[in-house]
Amino acid sequence: MARKTLSHLMLIIGAALVVIAVLLPTFLVPKFKVIPLDTVSTSVTETREGTLLDASQLAAGEPVAPRADDERCQDEENLPLHCFINDEVPLFTSRHIHVEEPSDEDWVTLQAGLVMGREDKEEPDNLVTATLDRVTLDRRTSLPVNEPISTFSLSAPGQEGSDDPVEFTRPGVQYKFPFDAEKKSYQYFDGNALQAFPIDFMREEEQDGETVYVYEQSIGPVNLYESVRDHFTQDGRELTEAEESSLASLRLAFPAENWGLEGDEEVEMSRYYTNTRTLRIEPTTGQIVNGTEQIFQVSAQDDEEAEEIASEEGREREAQELNRTAMRYDAQWDEDTMATQMGSAKDSKGMLNMAGTIAPWVVGIIGVILIALGLITYRRA
């Protein structure tokens, strides 16, 4: 009698475990496929030589070091922009992301502080630009919530970020792709143009023993003055003093000859921006594990001229003449950042694999063993 009771118990428990094993991925995996509320990450790019219109030297009327002996920069009364464009600037970026409120079981708010700096100067003179970005995401889809609660503020040397940044509904992915990323195009938000543009799946590669998806995005030329102005003034909002100061640096007026043009009339130009962004994604977790950008910002009179300068031939010519370049920098995540991000992705992927594959198999095998033992015990009884 006792053996029959034991056999029945083993059969019931075994059958229950098999059912649980089948259902486990459905209930357990979704609990792990969420953005953690303790998310923290830092990404740093390699220090690389770039080109920069030096605003402080321009304001002081003093040529940058590489232009000091240039014959075009000897007339102190009327120096062209060429004299203030430094093509030997060691540039880097550093971005830190952490969780802020509001965050709960459904939403997570990420705050990302990004600094571009130069290694040839000491703090605080090494600051080129700084941005502070806040975006609230759905923890399961990794997409921004469809509410106007995201903010974005920017500053440069001598400027302060807005203490009343515009709130807006954020389009597109940015700091993380969705779990189980697909081989398709996504909308990706660009923090320079303050717009979303398509980022396209290109191919699979291997990084640190893992398969990664490679996505590429081509942007521009985008008129930064118009793009940033439209962002700040959406819904009839008035510009703050800090925002007006930021915009002023994106539209400059100088005599034509200062721009490398003929004539002496004043010519106003806006800053245009292009970027080729390449991201490598661990597809199971959607985590970005490597990033590169080819940033190019130039001054141009209109869209047509911007397109001409941004062309391959135009870039080569501008690299020689240096009359319009505001920034040129090829950014690449450094080795430590790539290793840290891939390590985090592997840990998250391991947890998902445990919840979706290993745990169900272990529970299922135990269930089958109990059923087999139950049958054997029943027959012997």
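Calculated FRET efficiency, residue 169 to residue 339, Cβ-Cβ distance, R0 = 51 Å: about 0.90 to the nearest 0.05. The C-alpha radius of gyration of segment 138-285, expressed as a fraction of 2.2 N^0.38 Å, stands at 1.30.
Each of 83, 93, 254 was placed along the dipole of the chain (beta-carbon charges, centred on the mean Cα), and the one lying farthest toward the positive end is 93.
Summed over qualifying helices (DSSP H, 4 residues or more, each -39500 (n - 2.57)) and divided by its residue number, the chain shows a 222 nm mean residue ellipticity of -9500 deg cm²/dmol. A straight chain from residue 234 to residue 100 at 0.36 nm per residue would run longer than the Cα-Cα distance by 45.7 nm. The angle separating the long axis of helix 312-321 from the principal Cα axis of greatest extent in the chain is about 50 degrees. Rounded to 0.05, the FRET efficiency of the residue 241 and residue 319 pair, given R0 = 22 Å and the Cβ-Cβ distance, is 0.05. Each 20 Å bin from zero up to the one holding the largest Cα-Cα distance in the chain carries the following percent of pairs: 24, 46, 19, 8, 3, 0. Across segment 234-305, the convex hull enclosing all Cα atoms gives 184 Å³ per residue.
Highest mean packing first, where packing is the average number of other Cβ atoms within 10 Å per residue, the peptides 321-330, 186-195 line up as 321-330, 186-195.
Laboratory data are not the source of any read-out in this text; all were calculated from the coordinates shown. Everything numeric here is computed off the predicted structure, so don't read it as measured data. Positions of Cβ are generated from backbone atoms using ideal geometry, with glycine treated the same way; all protein chains shown enter the neighbour counts.
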